[in-house]
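Take a look at the structure below.
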Amino acid sequence: MKIQRMYIEGAPASAPFLKEIEVMLADSFLTRLAGLMFRRKLPPATGLLLVPCNSVHMCFMRFAIDVVYIDKEYTIIKVVKNLKPWLGVSICSRAWATLEMKAGEAERCGCEAGKKLTLVM
């Protein structure tokens with residue numbers, strides 16, 4: 001899986017170092033299918049970017065996640081916080097991709113609707 005950096009527009013004043021996160025890029029059928037299933041945890045300021053993707057399920061997950069839905073211009077459309085393992089399902093029909101992070105990271109990183117993300121290739 002490719003690992004890249006992503007920058008979040010306008011880091012929160014309380015934690016400016018969280019402006020940058022490390023993302024694993026899941027852009028093939030198999031990497032999107034595997035997602036974060038069976039993993040034990042994700043480190044802080046780390047996420048999985050699923051492209052294309054507009055919905056997620058929590059089957060076979062071991063920890064809660066935040067889901068950030070983005071459009072093709074990498075603008076955040078919607079943030080779903082604390083999606084529970086095994087129980088959660090989330091959909092955003094307008095989304096082109098999703099960024100999954102451990103629960104609480106979206107807020108710590110300042111992710112909110114309308115902000116832009118920049119993926120560094």
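The values are calculated or read from the model by the stated rules, or taken from the named source; none is laboratory data. It should be emphasised that the depicted structure is a prediction, and the values quoted were computed from it without experimental measurement. Calculation scope for accessible area: heavy atoms of the full protein, side chains included, ligands and nucleic acids excluded. Shrake-Rupley method; radii C 1.70, N 1.55, O 1.52, S 1.80 Å.
Report the accessible area of I3, computed with a 1.4 Å probe over the heavy atoms of all protein chains in place, in Å² rounded to the nearest 10.
The accessible area comes out at roughly 110 Å².
Kindly report the accessible area of the stretch 1-108 per residue (heavy atoms of protein chains, probe 1.4 Å, no ligands, DNA or RNA), in Å². Could you put the intermediate results ahead of the total?
Details: 5700 Å² over 108 residues.
Computed with neighbouring chains in place, this is 53 Å² per residue.
May I ask what percent, to the nearest 5, of DSSP beta bridges between residues of the chain are antiparallel? Before the final figure, lay out each step's value.
Values: 29 of 34 bridges.
Of those bridges, close to 85 percent are antiparallel.
Quickly estimate the mean residue ellipticity at 222 nm for the chain, helices only: each DSSP H run with n ≥ 4 gives -39500 (n - 2.57), and the total goes over all residues, rounded to 500. Don't skip to the end; give the middle numbers.
Values: 2 runs with 11 residues, N = 121.
Mean residue ellipticity, 222 nm, calculated: -2000 deg cm²/dmol.
Report the residue, chosen from A34, A45, A97, that carries the largest GNM mean-square fluctuation when the chain is represented by alpha-carbon nodes joined by springs under 10 Å.
Answer for the Gaussian network model of the chain: A34.
Using just the C-alpha positions of the chain as equal point scatterers, what log10 of I(q)/I(0) does the Debye formula give at each q in 0.11 1/Å?
For the requested q values the scattering log ratios are -0.30.
Once ligands and nucleic acids are excluded and a 1.4 Å probe is used, how much of W96 is accessible, expressed in Å² to the nearest 10?
60
Calculate, in nm to one decimal, what T118 and N54 gain on full extension: separation in residues at 0.36 nm each, minus their alpha carbon distance. Write down the numbers at each step before the final one.
Numbers: separation 64, 0.36 × 64 = 23.04 nm, distance 1.86 nm.
Extra length available between T118 and N54 comes to 21.2 nm.
With the full set of protein chains in place, find how many percent of the accessible area of the chain is carbon and sulfur; take the probe as 1.4 Å. Let's see the in-between values first.
Working: 3770 of 6390 Å².
The nonpolar share, carbon plus sulfur, comes to 59 percent.
Explain nothing, just the number: relative contact order of the chain, from Cα pairs under 8 Å at least 6 residues apart, as a whole percent.
Numbers: 310 pairs, mean separation 37.8, N = 121.
Relative contact order here is 31 percent.
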